[in-house]
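What follows is a set of notes on a single structure, which appears directly below.
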Amino acid sequence: MKLWKYLPAVAMGAMATVASAHPGHAETVSFLTGALHPLTGLDHLLVMFGVGVWAAQQEKSASLAIPVTFVLVMMLSGIAGYLGVTLPRVETGIASSVVLIGLLVAFAIRLPAWIGMLMTTVFAVFHGHAHGSEYSESHGFWLYGLGFALVTAALHASGYLVGYRFSQNRRAVAVGGVLMATAGVVMLSQTI
């Protein structure tokens, strides 16, 4: 059974919300806002999916460590951003991560787990900070954070499944990585 075909339906079902008239609407909105945030920016979407594809190209020890590191560091950086900690050149860091992840995927670069985790940490700091600093409500941040963390993990898993599924078709994965890196270069040119 090819479960990866059902991933979009599962992701959409996980994001279904209760009707506005029900109690807890503000909390639902916070969670939904966080869940949608990684999906509404091409830069976030590409990196989070790309991290999953790249993780599928790694040795087993790194294939889980890389996405888990990304989610944990992103959450911590999101908290820092929400609390007002400043970070210079966030958009440049995010665009650079799109380029680098695209190149790592395109060339199927395998790194020792600790180097992959270190690189992922740097990427996640910028993405997490952007998520956290863009949340402007005075309440509901934890549900917002949970929403973006869960969807980020789902995007990593989706990328991993695609990377694993197409592991024998190196050309298709390489083309995808090149397209991702190219999109990152365009994004990077807009931040300079």
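List of remarks:
- For segment 28-191, the Rg and Dmax computed from alpha carbons only, in angstrom: 15.0, 48
- Here the extension length gained between residue 122 and residue 142 equals 4.9 nm, from 0.36 nm per residue of separation less the Cα-Cα distance.
- Note on the chain: with charges restricted to the Cβ of Lys and Arg (+1) and Asp and Glu (-1), its dipole about the Cα centre is near 800 debye.
- With each label modelled as a point 7 angstrom along the Cα→C-beta vector, the residue 76-residue 115 pair spans 2.2 nm.
- Sparsely packed loop sites in segment 19-124 (the chymotrypsin sites (Phe, Trp or Tyr not before Pro) outside DSSP H, G, I, E and B with at most 16 other Cβ atoms within 10 Å) comprise 107.
- Neighbour net charge for residue 127 - beta-carbon separation under 15 angstrom, K R +1, D E -1: -2
- Counting charges near residue 65 (Lys, Arg +1; Asp, Glu -1) among other residues having Cβ under 15 Å from its Cβ returns a value of +1.
- Counting other Cβ atoms within 10 Å as a rough exposure proxy, the listed residues 74, 180, 117 run 117, 180, 74 from fewest neighbours to most.
- For residue 191, net neighbour charge (Lys/Arg +1, Asp/Glu -1) across residues whose Cβ lies under 13 Å away: -1
- Axial C-alpha extent at least 15 Å, average Kyte-Doolittle at least 0.0 - helices from the chain (DSSP): 25-40, 42-56, 60-82, 90-106, 113-133, 141-165, 170-191
Values quoted throughout were computed directly from the atomic coordinates according to the rules given, and no laboratory measurement underlies them. Keep in mind the model is a prediction, meaning the values are calculated, not measured. Because the Cβ atoms are built from the backbone with ideal geometry, glycine has one as well, and the counts that use them run over all protein chains shown.
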